Amino acid sequence: MAQIPNLDNAPVNLTSIREQSQKELINILKNVRGKKCLVIDPKLGDSLSLTIQTSILKEQGVELRHLSAEPIQSDCNKVIFLVRSQLNLMRFICSNVHDDISKGLQREYHVYFVPRRTVACEKVLEDEKLHHMITIGEYPLYMVAMDEDVLSFELDLSYKECQVDGDASSLWHIAKAIHKLEFSFGVIPHVRAKGKASVRIADILNRMEAEEPINSSDMAVPEINTVILLDREVDMVTPLCSQLTYEGLIDEFLHINNGSVEIDASVLGLQQEGKKTKVPLNSSDKLFKEIRDLNFEVVVQILRQKATSMKQDYTDMTTTTQSVSELKDFVKKLNSLPEMTRHINLAQHLSTFTSKPSFLGQLDMEHTIIESQSYDICFEYIEELIHKQEPLTTVLRLLVLFSITNAGLPKKHFDYFRRELLHSYGFEHIATLNNLEKAGLFKKQESKSNWLTIKRTLQLVVEDTDTANPNDIAYVFSGYAPLSIRLIQHAIRSGWRPVEEVLKLLPGPHLETRRGGFSNSPSFDTFYGVSNSIDKVPDGRRSLVLVVFVGGVTFAEISALRFLSAQENMAYDLIIATTKIVNGQTLVETFMEKLG
Amino acid sequence: MANVSVAAEWQLLYNRYYRKPELYPMRWKHVDLARNKIAAAPFGGPLAVIRDDSKIVQLHGESALRKLRLFSSSGHLLADTVWRNPGGRLIGMSWTDDHTLVCVVQDGTVYRYDVHARLIEPNLSLGKECFESNVADCAFWGNGVVCITESNQLFCIADFKNPNAVKLADPGIVEPPRCMAVIEPQYTVSGNVEVLLGVGDGGEEEDAAVIAVEEDGVQRLGGEMLRGPLQKMVVSRDGKWLASFTHDGRLLVTTSDLTGVIIERECESALPPEQLAWCGMDAVLLYWDDMLLMMGPDGEPVTYLYDEPIILIPECDGVRILSNASMEFLQRVPDSTVSIFTIGSTSPAALLYDALDHFDRRSAKADENLRLIRSSLPEAVEACVDAAGHEFDVSRQRTLLRAASYGQAFCSNFHRDRIQEMCKILRVLNAVRSFEIGIPLSIQQYKLLTPSVLIDRLINAHQHLLALRISEYLGMNQEVVIMHWACAKITASLAIPDATLLEILLDKLKVCKGISYAAVAAHADKNGRRKLAALLVEHEPRSSKQVPLLLSIGEEDTALMKATECGDTDLVYLVLFHIWQKRQPLEFFGTIQARQLARDLFITYARCYKHEFLKDFFLSTGQLQDVAFLLWKESWELEKNPMASKGSPLHGPRIKLIEKAQNLFAETKEHTFESKAAEEHAKLLRLQHELEVTTKQAIFVDSSISDTIRTCIVLGNHRAALKVKTEFKVSEKRWYWLKVFALATIKDWAALEKFSKEKKPPIGYRPFVEACIEADEKGEAIKYIPKLADPREKAESYARIGMAKEAADAAAQSKDGELLGRLKLTFAQNAAASSIFDTLRDRLSFQGAS
């Protein structure tokens, strides 16, 4: 199980939130006395692994199992199902209980819903006539700290559910999570939102505040000054581009899952052939913290420098006489050796991917599409990918990018691509195409694209990006400044007003409000003024902006935000919350639905 | 001196003083305790009075119908009602902890009244057996009752909140017991009630005993120790001691399990007392006709004479004595009071009290007194505060508190909040002790009862204003009070029109932030005021409370609207399922079709669990394409199910389904593409079935068109591949890629070369090069690389198979410096190759410069 990230350096007290979650879970387990079998739905298991150590669960007399259609094997006669309140999971619980009944096993069943029980799920249990056998409870885990500055609501399907199914359940969840944060850190006085879902969340948040007011007199100054909510729909271009930061690239090629990556042990130069090993990737790793957000090109150089200097030190050590303190320094450096070897190995492994012509071709194509200059070249490139039956996600990723920047494709091309896709990959993918069309990601062109205007106005393509000493967020994509972060940059600096024209070109409404008892405080007026006259939290820390991505965020975008936060003229610390950390592939995958 | 008069009212029993202040002169008129049965609730609770039907009384021009009258402890009439209950004589009557009056009649029926003399339905029964043989006697405790029938069987309701009659074990006696007492469940070992029955007739000593009966067992206690049967028994408040009166006129105090005698006193009378009661924990009261005797552990008993009948009402710290004219409270004088007011007391507290007196009279003796007690001033102050708390007389409370406050001024280390706290308590106590309210709580009772229970009792008695003031004063949550008031108001205001009543209610409800409007609305609905309920629920800010209520009052559409607005999809589902259950499918479809979120959630749910119903929905709303998608999806499930795919696959149910989907898609213009795709899919399946038959290999069905072509080629069946190609109009471009890769898979290089020469490939030779390089066949690749049109591609292809020189040449041809640089990196390890690139690049830049 992955290492639980250290949150001591978090700009707000995330540790207490995590401890609360731990306590709640332990209480649930304690309430069921004796030995018990804890059956977790696998995705939830991932979020739990960032919340609590397995060893603590074991201390509670727990036998851990994963929920699936297969009947669980356990001798315990007390079973606790810990599941997200997802309709399809109910089927598994029912089949498990029915299986026990048919075998004549008498067990005590508890179902704990995360984050709360829902009528729809209970209805399924009722319809299956199991309701009376099951004790139902709730485990209110609304978010998980991925790192000291990243929170995840772990709603991986949120974007698809909202856009395709019209199921807005996740929006309530997000609002509730933010509201919970407010209970700890005070009512957030400023709200900025862009996109339909974000504006709705702001609305629900206000309703919650009216229904369950936070006693603001308990808190002197709210710790979080502003929340910026942004729909993924507003910027679908960025996540579809290949990330070029170190962490982003690891995710693209090796898939980071809950703050760790699983790779062959041989990659790390370990002797166990064929065995997988997990490498935790978070800010507790000092070297990783230093290089995670940098462009991969630079990371390679830095690692080389570090290795060289280490080698130099070593030679000095063997050849010349050293004082004791120098020896001490050297030993200290040696301590960072395992981290360095690990990252050098990882980087080397990554470069085997980055040097592939197919990857270079893809990068080239992404930039061509973003530049929006040569339609035909892009068209032919994608056509060829389909003909060569390249992996479907790779194809769809480029195709969606192509469609979005062109505001859809002419009907003839749209139908042609769809036909070629069905022919090459099978008719079962009609559902995927239908989903993408419903979400507006791959569709028929109905109006002229305004991508060029957006790109120009917001200066999304930056020539001559110096990746080693960047002065703009564009370094994360070697020349393309992510649209989402550009918007947030404006929102933090001066609010929506100066960029209103461009906002109107992007999907969904936008909103800017103040709330709570602080709306009349002088701090609000200065907010619009020069950004360096911002109110400071008494102990000298900078005040906080919470950036919420509704529909997912990529590591590259997180890196870009960290870059912004580190700028000298920046008055805020940033904390990022997202429905899920995504990349082009995982995002496209959520829309994939095979009929077969 | 003032002190003397205080102590003069005390009586000394053994070594303790007792006092008996009058709490109230009774306000009632024409109530004669002798003619009535009385039930008095402890903690200064109400009194129930009803004419005793076991006595022959003369009616003084009053109705023959009996009236049940409820009074406060001050004799203020709270409510009355005519007693018309059937079931025979009233055997017993008592108040429960939550002030419900329970009345047991002969046939075992239990009638319950609230403090407003309203009958609480339903009536309870002690069971059939009780009904058949009459109830002879009963004994009550906090929330329960035990009855004994004429056939000497015992029945018990252990808790009126959960009223189940239970039969206890058969005591096995023939004669009715002489007396009965109960030990409350909380004080017994078993946790169930224990009934003590005094049995035996006067003559035979050995028969005399106390029988302890429980639910599952009978025990004979006492025996010889008793020396004859008991006439009267009473258990102390803590269930530890039993006071009893023997047949030969002795008062016995024993442990409640009758294992040891603690006190044995002779009384002058062998006639059992009418009433026997504990006064606190250290004295027992015996009442005969006109005499009340108080016996302590030792010393002379105290005698009080009454010329009118009295009722003893035991409290935790004394006994209230009710007579026709007054209510008195007999209690042991608290130690603090004794120390101040005993005649000749020189305790620090007494001196402090005295000092205040001097101070008030501007006498210098005040200072002298203070000097005397300097070292023990704190305890003196404490004693004054404590004594004030025990006083019922307001002016004496004041004097004592002033003495305390005076002393405190000279005393640095006294806990200052004590006086303030006591003032607070006393203000509350004085308020509830007033005549109008009539709850004469002592401070000890108040602390035992707790303020929140007191407030519950006040609102139960509809003293809402006082309850509100007290809860405000004590800083407690006022929500309970306001909520109860609002509900009571609704019940009592049948004549007030909805709008007016709403205004009255809102005016008060707004006092309390966060109060549940929904709960008040629910009450209005229960009282048949649906309109008012709807108006009230509108003000409920919490959707989670508002929506369920709207559903229960039948406002489904508003509920759906509110649920949708608040964004909590769980509430939308709640409404959805409610409407779904209640309405006809078509009506239901109509309702949700109009509301997007509800509709989408329904679809999401139905997709998982109500597939057929979903089809009905789409059909009813004319979304044929969605039905088509569902059918198409089913076609795959059919394939997985071996039972369903029986029969000829060519006309199998699966293909039929797909064709059905195709037709449905064709109904709407927008779905021509899908219709076409479905048609092709059906065609493909047929073709694949045929292929599986001819090749006898089950590897075709459910692969894509491209994969089918590849498979055919791999199998060497080029004719079939071509057939698929033409059948589905596969473009030349795709065809070339597919065939080239398929041939490379089986490493049929000869066929590949032949294919390349068939005609000039429509997309050039790149597929050939790529296929060869990917198969790691350099030799084959070289055949095609020279044929590539683009020098850049050529260069990269050479580079990929490691031919540096050729790559460099081609790159030079392309005149692309960036490409050269990149290729050089590829050959970084190869020094010779590297230098080639450098030279070439130099030449290139030179050219560029010139």
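The values are calculated or read from the model by the stated rules, or taken from the named source; none is laboratory data. Keep in mind it's a predicted model, so treat the numbers as computed, not measured. Because the Cβ atoms are built from the backbone with ideal geometry, glycine has one as well, and the counts that use them run over all protein chains shown.
Pairs linking a residue in region B:587-613 that is at the interface with chain A (Cβ under 7 Å from one of its Cβ atoms) and free of Cβ contacts under 8 Å to residues at least 60 places away in the same chain to a residue that is in a helix (DSSP H, G or I) and hydroxyl-bearing (Ser, Thr, Tyr), with Cβ atoms under 7 Å and 6 or more positions apart or on different chains, are B:Leu597/B:Thr564; B:Leu601/B:Thr569; B:Leu601/B:Tyr573.
Please give the helices (runs of 4 or more DSSP H) falling wholly within region A:322-384 in which 3 or more residues are more than 22 Å from A:Val400 (Cβ to Cβ).
Ranges flagged: A:324-335, A:337-354.
Cβ separations smaller than 9 Å between residues 6+ apart or across chains give the following pairs from region A:382-396 residues that are within 7 Å of chain B (Cβ to nearest Cβ) to residues that are assigned to a loop (DSSP other than H, G, I, E, B): A:His387/B:Ser731; A:His387/B:Ile763; A:Gln389/B:Ser704.
In summary, B:Leu571 fulfils each of the numbered conditions (1) more than 13 Å from chain A (Cβ to nearest Cβ); (2) surrounded by 21 or more Cβ atoms within 10 Å (Cβ to Cβ) with the single exception of condition (1).
With respect to B:Gly191, is the statement that it is in a loop (DSSP other than H, G, I, E, B), farther than 24 Å from B:Phe43 by Cα and outside the structural domain of B:Phe43 (by the TED database) true? Yes, satisfied. Selection of region A:370-403 for residues being among the β-branched types (Val, Ile, Thr) and either at pLDDT below 95 or closer than 27 Å to B:Lys739 by Cβ (or both) yields A:Ile370, A:Ile377, A:Ile382, A:Ile386, A:Thr393, A:Thr394, A:Val395. Yes or no: region A:118-126 includes at least one residue that is assigned to a loop (DSSP other than H, G, I, E, B) and within 22 Å of A:Ile581 (Cα to Cα). No; the residues of region A:118-126 include none that is assigned to a loop (DSSP other than H, G, I, E, B) and within 22 Å of A:Ile581 (Cα to Cα). Restricting B:Ala41, B:Ala34, B:Ala48 to residues that are loosely packed, with under 14 Cβ neighbours inside 10 Å and either touching a Cys at 6+ places or on another chain (Cβ under 9 Å) or touching a residue at least 24 places away in the same chain (Cβ under 8 Å) (or both) narrows the list to B:Ala34. Taking region A:318-355 as the range and being surrounded by 15 or more Cβ atoms within 10 Å (Cβ to Cβ) and aliphatic (A, V, I, L, M) as the test, the residues that pass are A:Met340, A:Ile344, A:Leu346, A:Ala347, A:Leu350. Identification of strands (runs of 3 or more DSSP E) wholly contained in region B:75-131 with 1 or more residues that are of a type in the set (Lys, Arg), in contact (Cβ under 8 Å) with a residue 40 or more places away in the chain and assigned by the TED database to the domain that holds B:Cys156 yields B:109-113.
Just one of (1) under 34 Å from the mean Cα position of the chain (by Cα); (2) surrounded by fewer than 18 Cβ atoms within 10 Å (Cβ to Cβ) fails for B:Glu150. It is (1).
For region B:738-758, which positions are closer than 21 Å to B:Leu691 by Cβ and out of contact with any Ser or Thr (no Cβ under 9 Å at 6 or more places or on another chain)? Across region B:738-758, the qualifying residues are B:Lys739, B:Phe741, B:Leu743, B:Thr745, B:Ile746, B:Asp748, B:Ala751.
Do we have A:Asp231 as charged (D, E, K, R), in contact (Cβ under 8 Å) with a residue 24 or more places away in the chain, touching a strand residue (DSSP E or B) at 6+ places or on another chain (Cβ under 9 Å) and buried (at least 23 other Cβ atoms within 10 Å of the Cβ) here? Criteria met by A:Asp231.
Yes or no, residue by residue, for (1) in a helix (DSSP H, G or I); (2) within 13 Å of another protein chain (Cβ to nearest Cβ):
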{"residue": "A:Val400", "(1), (2)": "yes, no"}
{"residue": "A:Tyr416", "(1), (2)": "yes, yes"}
{"residue": "A:Glu420", "(1), (2)": "yes, yes"}
{"residue": "A:Ser424", "(1), (2)": "yes, yes"}
{"residue": "A:Glu428", "(1), (2)": "yes, yes"}
{"residue": "A:Lys448", "(1), (2)": "no, no"}
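Of the numbered criteria (1) of a type outside the set (Lys, Arg); (2) surrounded by fewer than 21 Cβ atoms within 10 Å (Cβ to Cβ); (3) at positive phi, the one B:Gly438 fails is (2). Among the residues of region A:165-185, how many are at negative phi and either within 14 Å of chain B (Cβ to nearest Cβ) or touching a Leu at 6+ places or on another chain (Cβ under 6 Å) (or both)? So the count comes out to 14.
So, in region B:43-74, exactly how many residues are hydroxyl-bearing (Ser, Thr, Tyr) and either part of a strand (DSSP E or B) or within 17 Å of B:Thr96 (Cα to Cα) (or both)?
Number of matching residues: 2.
Just one of the listed residues (B:Val82, B:Val145) is at pLDDT 90 or above and buried (at least 18 other Cβ atoms within 10 Å of the Cβ), namely B:Val145. Filtering B:Gly223, B:Gly172 for residues that are under 16 Å from B:His247 (Cβ atoms), surrounded by fewer than 16 Cβ atoms within 10 Å (Cβ to Cβ) and in contact with a strand residue (DSSP E or B) (Cβ under 8 Å, 6 or more places away or on another chain) leaves a single hit, B:Gly223. Quick one: which residue in A:Thr51, A:Thr15 is within 22 Å of the chain's Cα centre (by Cα) and either modelled with pLDDT of 90 or more or part of a strand (DSSP E or B) (or both)? Result of the check over A:Thr51, A:Thr15: A:Thr15. Against the conditions (1) among the β-branched types (Val, Ile, Thr); (2) within 11 Å of chain A (Cβ to nearest Cβ); (3) in a loop (DSSP other than H, G, I, E, B), B:Ile515 satisfies every one except (2). The residues on offer are B:Leu494, B:Leu448, B:Leu502, B:Leu506, and the sole one that is within 25 Å of B:Leu47 (Cα to Cα) and in the same structural domain as B:Ala355 (by the TED database) is B:Leu448.
For region B:235-252, the set of residues classified as in a strand (DSSP E or B) and under 45 Å from the mean Cα position of the chain (by Cα) consists of B:Val235, B:Trp241, B:Leu242, B:Ala243, B:Ser244, listed by residue number.
Here is a yes/no grid of residues against (1) among the basic types (Lys, Arg); (2) within 14 Å of another protein chain (Cβ to nearest Cβ); (3) under 27 Å from A:Lys30 (Cβ atoms); (4) touching a residue at least 12 places away in the same chain (Cβ under 8 Å):
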| site | (1), (2), (3), (4) |
| --- | --- |
| A:Arg107 | yes, no, yes, yes |
| A:Phe113 | no, yes, yes, yes |
| A:Val119 | no, yes, no, no |
| A:Glu122 | no, yes, yes, yes |
| A:Ile136 | no, yes, yes, yes |
| A:Leu141 | no, no, yes, yes |
| A:Val144 | no, no, yes, yes |
| A:Asp156 | no, no, no, yes |
| A:Glu161 | no, yes, no, no |
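Applying the criterion of at least 3 residues that are within 20 Å of the chain's Cα centre (by Cα), among the hydrophobic types (A, V, I, L, M, F, W, C) and more than 14 Å from chain B (Cβ to nearest Cβ) to the strands (runs of 3 or more DSSP E) found wholly in region A:186-303 leaves A:224-231.
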